[in-house]
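Below is one structure, written out as structure tokens; comments come after it.
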Amino acid sequence: MKKFRPLAQFDNSPPPTPSPLEASGSEEPLARRGEGKGGGRRRPLKIDRLLKEIKKGELVQLTQDLIRIPSVRRQEQGEQKVALYLSPLLEGIGLDVVVEVVEPGSPNVIAVLHGESEGPCLMFECHTDVVTEGDPSEWKYGPFDGRLAGNRIYGRGACDTKGNLAAAVMAIQAINQSGIHFKGKILLGILVDEEGMMTGVKHFIRQGWANGVNAAIICEPVDNHLCITQKGALRAELITNGKMSHGAMPLAGLNPIPPMVSILEKMRQLEEEEIERLGKDDFLGYPSITPTVLQAPVKGEPQLNVIPYQCRALLDIRTVPGQSHEALKKQLEDIVKEEERSVNASLDSGPLKEIRETLEKGLSKGISFQSKLNVFEDRPWTKTSRDERIVQAVSKAIRSITGEEPTYGGVLGATDGTFLSAWAGIPIVTIGAGKWMIPHQKDEWVSVEDLELTAKIYAASALEFLNL
Ligand SMILES: [Zn+2]
């Protein structure tokens, strides 16, 4: 895959004091007392003017509307329907909109709001797809009803991530309607297939869109923690090949299962060594090497008295800062090659050959063992320095809205931000409404209050970042 040149390092110098949202422009009166929990903090009129433009009713309605357009990938053209719904809406609030087909029925929507003068580009990244709803009868309300009950909106995508997408749209609309001047531009990337192979963000980068982006806010459900790191992932398939035979005559063939077990055990040991070596990451915990699928035979039906020809495992490997994917891949590869070498050595001249030849002369001929590891997806871990301008801008926005310090955190899964960071060198932070355990479960929900806070954080962060 094509690697993109990282952007030139952004200016990390600390923001001037007071920050633009606090600064009184010539027409702006000085700050008054804020209403945040911090009590007594100064919250300027400019930010109040901005926050007033976040309309709770519209935010709830847009979230509901988006949930009501089912966009699980299997649902034909669901992502396209979301895109077609959003494009005119975004144009209506003053953005330039480009729709780019990634795959049939799955287009990215890229919308840009231009400021008054030249300056940096801040991206908000959201995705149009949602994961499967599972068995709809298990849900309290229909998964695509977008039901508002009490202070919660229910439905697939409520927090992952249609609610946060709606919050980003409302934030950008508020900036535009507030009439507050800003430099540079805001790019809203509404991308497809985040829950799958992330073809949307890969296409976005390949098309060159990322080249002009200076920082990105990844809109995902992380309980509005300011997440500055995320785990990496390797996805791999491991195959062992032997020779099919009768269960009563195992020496007439070669069972590919025991070498698979041996390889997986060595990988478990490697996992232990990595945990020992790296210790616990503050936000991400420990790295892991997890076999999630184990199959033998790979093709045809399994039968108790038949030794299969082939065995297959799928590995879900998660990494933390401090691990080199290249080094880890080599270690895994070495384990697989070593097993292949030792089984074949035994077949050629070791105990296995002897046993077979004593049973029947020539029985050992034509029996060999192969094992192969195929890493088919590589998603690096990310870590953004707290000194990065985007981290400073978001934390400042949180402070001025809530009167409290941000809670820093990390994302355990990979997101589209993984590729924006790893392939395009863009500093990223992840923030959005939705409790940690809620995504991908039945009865997915988001609190209206949290969503409103998210929209405010997005809007204030954008101005903090762009006007520095
Ligand atoms: Zn998501």
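One table, with the values for the structure above:
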item	result
Residue, farthest from the ligand (Cβ to nearest atom), within the stretch 394-424, restricted to residues that are within 20 Å of His127 (Cα to Cα) and surrounded by fewer than 18 Cβ atoms within 10 Å (Cβ to Cβ)	Leu412
Counted residues, the stretch 128-142 - those being in a loop (DSSP other than H, G, I, E, B) and away from the ligand (no atom under 16 Å from the Cβ)	6
Strands (runs of 3 or more DSSP E) wholly inside the stretch 57-127 containing at least 3 residues that are modelled with pLDDT of 95 or more and buried (at least 20 other Cβ atoms within 10 Å of the Cβ)	106-114, 117-127
Single condition Pro258 does not satisfy, out of (1) crowded, with 18+ Cβ neighbours inside 10 Å; (2) in the same structural domain as Leu332 (by TED's automatic domain parsing)	(1)
Which listed residue is crowded, with 19+ Cβ neighbours inside 10 Å, within 24 Å of the chain's Cα centre (by Cα) and not in a loop (DSSP other than H, G, I, E, B), from Val391, Val375	Val391
Failed criterion for Ala168 (all others in (1) under 21 Å from Asp129 (Cα atoms); (2) free of Cβ contacts under 8 Å to residues at least 60 places away in the same chain hold)	(2)
Residue match in the stretch 269-281 (condition: β-branched (Val, Ile, Thr) and either in contact with a Ser or Thr (Cβ under 6 Å, 6 or more places away or on another chain) or within 16 Å of the ligand (Cβ to nearest atom) (or both))	no
Residues that are surrounded by fewer than 24 Cβ atoms within 10 Å (Cβ to Cβ) and within 14 Å of the ligand (Cβ to nearest atom), drawn from the stretch 161-194	Asp193
Among residues of the stretch 148-191, those that are under 25 Å from the mean Cα position of the chain (by Cα) and assigned to a helix (DSSP H, G or I), counted	15
Subset tally (residues that are within 16 Å of the ligand (Cβ to nearest atom), in a helix (DSSP H, G or I) and surrounded by 21 or more Cβ atoms within 10 Å (Cβ to Cβ)) for the stretch 195-213	3
Residue in the stretch 436-445 that is in contact with a strand residue (DSSP E or B) (Cβ under 6 Å, 6 or more places away or on another chain), part of a loop (DSSP other than H, G, I, E, B), within 14 Å of the ligand (Cβ to nearest atom) and in contact (Cβ under 8 Å) with a residue 40 or more places away in the chain present	no
Selected residue (only one of Gly119, Gly155 is within 16 Å of the ligand (Cβ to nearest atom), more than 14 Å from Leu188 (Cβ to Cβ), in the same structural domain as Val446 (by TED's automatic domain parsing) and touching a Phe, Trp or Tyr at 6+ places or on another chain (Cβ under 9 Å))	Gly155
Positions within the stretch 214-228 being away from the ligand (no atom under 15 Å from the Cβ) and part of a strand (DSSP E or B), in sequence order	Ala215, Leu226, Ile228
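The values are calculated or read from the model by the stated rules, or taken from the named source; none is laboratory data. Just so it is clear, the structure is predicted and the values come from calculations on it, not from any experiment. All Cβ positions, glycine included, derive from the backbone under ideal geometry; neighbour counts span all protein chains shown.
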